[in-house]
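**Student:** Below is a structure I'd like to ask you about.
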Amino acid sequence: MCPWFRVERNEEAKRVYREFEAYSNIKDSTMAKMSDVLQDLVVEVLSKIPLTSLRAVRLTCKKWNDVSKDRSFIKKQIGEAKKKQVNEFEVIMITNFKVYLMSVDLHSHVDPSITPKGTLTSLNDEVNDIRRVFHCDGLLLCITKDLNFRLVVWNPYFGQTKWIKPRNCYHRLDNYALGYDENKKYKVLRFVDDSNAYRVEERICVFELYSFESDLWKVVLNVSPEWEMKFCSRGLSVKGNTYWYATDHLDEDVDFLICFDFTAERFGPRLPLPFNASASNEDIVTLSNVGEEQFAVLFQDDDTLRMEIWVTSKVEPTEVSWNKFLAVDMSPLIRFAFLGEAGSFFIDQTKDVAVVFDKDIDSFYTRGIAYIIGKEGYFKKVDLGEVADPNCYPLVLMFQAQCKSVS
């Protein structure tokens, strides 16, 4: 429930304002205490409205703006919002180069639904045309799709943005990760490895780390590693560190996970997967967060279309173990493999289902679609609307709200 997603909730703010005016007209014999009474009334009234309406509230008057930005107030609001999320929850979805807050209801007695609640916005900067997004600890690292590939860290709860300038320049093949060390110091990893480019002048290998504290970049690796990952490979953050699916640079059928440890500021050892995927056969492997301290991996065999989802039982930069969550033969359900550029997903452990985001082959890949897949043949589809750009694929991120500053 993020106030800095643009939503049509101004009527709610107006209603609350009228209620506040009614309270303000109360006459009290002890006028010296009236300011304290009104302050308590403001907090009480504002605590009744959804967090998605707070953007309109903050624009109403300075007092409301100050109250709504108080950290203790926001934590209270987040806690109340989580209590109400019994049958539905929220995710962030990137489609058509925009970032949306989506409401997901998989427990409906009719049909499951995935509906937009608002779009990313900030009072300080309009963050538009987003090419990629990375989530860590309530912060979003956004990479724009313009020619300069600008980098911005965005806080949905305080509406803060922090634009990060490159040490030299950004590159079209850059990969990024946002994380933090054991002291909760936030950092951004940027790396690009195109050491085998055909043209010598285009060869590049850069691994560098940006510190929020020093506002500086530094090189953390100056040699090409003995592994590689596809450009579309999406890393994810767990307990401050970032994990990717990777393959051996000499044999792409040797696959594993690789972790960047933001405390040690280096990559860890190869971590085992619970299956044998073949990158040369274009098998699908993608990762998704499960809560704050676990993650899941989806594997789909491109030949048989069998899909498996495994969830970690232990996660450390040097060790990982797995439990199987779901195994389904997708061939009678969708007749094709998920697209490699898409295939992002999340799981609902209470309902034992997975939700996979893709493009719909029946619309010639012009519409986004979500497949809701469960045990014993459970299968539903939700239309996500038109995908205006053929180079844009629906991407979903599990979002954990936190009161963090990007300064």
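**Student:** Could you list, in their original order, any pairs among Lys314/Lys351; Lys162/Lys187; Lys218/Lys239; Lys351/Lys381; Lys359/Lys381; Lys351/Lys375 whose Cα atoms are separated by more than 18 Å?
**Tutor:** Details: Lys314/Lys351 22 Å; Lys162/Lys187 12 Å; Lys218/Lys239 23 Å; Lys351/Lys381 16 Å; Lys359/Lys381 12 Å; Lys351/Lys375 10 Å.
Correct reply: Lys314/Lys351; Lys218/Lys239.
**Student:** Please work out the FRET efficiency for the pair Trp322 and Arg199, using the Cβ-Cβ distance as r and a Förster radius of 51 Å; give the result to the nearest 0.05.
**Tutor:** Values: r = 41 Å, r/R0 = 0.81.
FRET efficiency, Trp322 to Arg199: 0.80.
**Student:** Can you give the Rg to Rh ratio of the stretch 89-398, both from alpha-carbon atoms, with Rh computed by the Kirkwood formula? Show your work: numbers first, answer last.
**Tutor:** Working: Rg = 19.0 Å, Rh = 20.2 Å.
Value, to two decimals: 0.94.
**Student:** Using the C-alpha gyration tensor of the stretch 184-238, what are the square roots of 5 times its eigenvalues, in whole angstrom, with the largest one first?
**Tutor:** Numbers: eigenvalues 116, 45, 15 Å².
Taking √(5λ) for each eigenvalue gives 24, 15, 9 Å, largest first.
**Student:** Using the Kirkwood radius over C-alpha pairs as Rh, can you work out the diffusion coefficient of the stretch 123-245 via Stokes-Einstein at 37 °C, viscosity 0.692 mPa s, in µm² per second? Walk me through the intermediate numbers first.
**Tutor:** Details: Rh = 15.3 Å.
After rounding, the answer is 215 µm²/s.
**Student:** Now a separate question. When each pair of different Cα atoms in the stretch 264-358 is counted once in the 1/r mean, what is the Kirkwood radius in angstroms, to one decimal?
**Tutor:** Numbers: mean 1/r = 0.0707 Å⁻¹.
Kirkwood hydrodynamic radius for the stretch 264-358: 14.2 Å.
**Student:** Just want the answer: with Cβ charges of +1 for Lys and Arg and -1 for Asp and Glu, which residue in Ile92, Thr119, Ile369 is farthest toward the dipole's positive end in the stretch 89-398?
**Tutor:** It is Thr119.
**Student:** Please list, by residue number, every one of the trypsin sites (Lys or Arg not before Pro) in the stretch 222-327 that is coil in DSSP and has at most 16 other beta-carbon atoms within 10 Å.
**Tutor:** Values: sites: Lys230, Arg234, Lys239, Arg266, Arg270, Arg306, Lys314, Lys324; in loops: Lys230, Arg234, Lys239, Arg270.
For trypsin sites (Lys or Arg not before Pro) across the stretch 222-327 that sit outside H, G, I, E and B with at most 16 neighbouring Cβ atoms in 10 Å, the list reads Lys230, Lys239, Arg270.
Throughout, read-outs are computed from the coordinates displayed, never taken from laboratory work. As the structure is a computational prediction, the values presented were derived from the model and not from experiment. So basically every Cβ, Gly included, is an ideal-geometry build from the backbone, and we count neighbours across all protein chains shown.
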